[in-house]
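A quick write-up on the structure given underneath.
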Amino acid sequence: MERATFGGGCFWCTEAAMKELEGVESVTSGYAGGHIEEPTYREVCSGETGHAEVVQVEYDPAEIGYDDLLEVFFATHDPTQLNRQGPDVGTQYRSIVLYHDAAQQTQAEAYIEALDEEYDDDVVTELEPLETFYRAEEKHQDYFEKNPNDAYCTMHAAPKVEKVRERFADKVAAKR
């Protein structure tokens, strides 16, 4: 198994989208990229910790590649929005790829560079090494799955899940 860590706005949405993929064993919502240890959701939401809401994806590289994860990640959020995604505003909602090794760094750099050609606006996705990942509180794990009728989920997470199911049908796992 390998790990990938991404932040593309609210972690509920990114988690729900990534969980759809074949070869993804688990997706954990959490925080990374900041300057305080063991941050809480409330602290991260304040925008004062430097952390972003992120997901850590554990995947089988024999079934799905890091490049596939990058493709889905970038297709399910707007990498040209600085410190926001949809209604969520603040540095905690920034677009960020936290790489685990040099190979991920190289792949992500190349992907972002190519992606920048596709947009009129600059791609503002940050690319940093993962230093520490902090697991979010239990109520944030599998949030979409547990709360499919939550207004936020219906408006924001559900469309991302549908996009993955339609656009990446060949990568979507059979119903778990």
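Below is a table of values for the structure above.
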item	result
Principal semi-axes in Å for segment 2-168 [√(5λ), Cα gyration tensor, largest first]	21, 19, 17
Surface share of carbon and sulfur [accessible, 1.4 angstrom probe, percent] for the chain	45
Amide H within-cut-off set for Ser95, under 5 Å, with H built and near neighbours excluded	Asn83, Arg84, Glu126
Span-rule helices in the chain, defined as complete DSSP H runs reaching 20 Å or more along the axis (Cα) with Kyte mean at least -0.5	102-116
Relative contact order for the chain, counting Cα pairs under 8 Å that sit 6 or more residues apart, in percent	33
Evaluated at q = 0.22 Å⁻¹: base-10 log I(q)/I(0), Debye formula over Cα of segment 9-106	-1.20
Summed side-chain charge close to Pro39 - residues other than Pro39 whose Cβ falls under 12 Å, Lys, Arg +1, Asp, Glu -1	-4
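The values are calculated or read from the model by the stated rules, or taken from the named source; none is laboratory data. From a predicted model like this one, the values you see are computed outputs, not experimental measurements. Reconstructed Cβ throughout: ideal geometry from the backbone, glycine too, with neighbour counts over all protein chains shown. What goes into the accessible areas is simple: the full protein's heavy atoms, side chains included, and nothing from ligands, DNA or RNA. Shrake-Rupley method; radii C 1.70, N 1.55, O 1.52, S 1.80 Å.
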